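Read the figures in this text as sums done on the coordinates, not as results from a lab. This one's a predicted model, so the numbers in the text were calculated from it and none came from an experiment. Reconstructed Cβ throughout: ideal geometry from the backbone, glycine too, with neighbour counts over all protein chains shown.
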């Protein structure tokens with residue numbers, strides 16, 4: 001169950017990073033709403049990370065959480081913010097995913 005909580009925490013990390021990207025592209029009240037989404041997503045992500053790390057090793061929890069956040073944020077950037085998707089970016093995202101799976105396998 002704590003692995004599921006950790007994955008959800010990582011997804012909320014993607015959400016707060018994406019909210020920052022959208023806030024940067026917005027202005028006025030729309031930007032304020034994106035910043036509010038950032039704060040809410042950040043709080044939920046941190047609370048879930050704390051919950052998951054109560055039974056999982058802290059190093060593993062943090063590495064998986066940041067890995068999910070990094071992979072998800074890069075994918076969001078490629079899909080929604082028109083960031084480049086060249087061979088090396090995809091290659092290193094795949095190596096990061098392999099590392100996350102490896103941490104799960106040895107924990």
Taking the alpha-carbon centre of each part, the distance from the stretch 1-15 to the stretch 35-107 in Å is 8
Separation of the residue 50 and residue 4 label points, Cα + 7 Å toward Cβ, nm: 2.2
Show that you can apply the helix-only estimate: for the chain, add -39,500 (n - 2.57) for every DSSP H stretch of four or more residues, divide by all residues, and state [θ] at 222 nm to the nearest 500. -30000 deg cm²/dmol
If R0 = 25 Å, then residue 29 and residue 78, at their Cβ-Cβ distance, give a FRET efficiency to the nearest 0.05 of 0.35
Over the C-alpha atoms of the stretch 2-106, what are the Rg and the largest Cα-to-Cα span, Dmax, in Å? 14.7, 47
Relative contact order (%) - criterion: Cα under 8 Å, at least six apart; region: the chain: 34
In degrees rounded to 10, the 0-90 angle between helix 58-80 Cα long axis and the longest Cα principal axis of the chain is 40
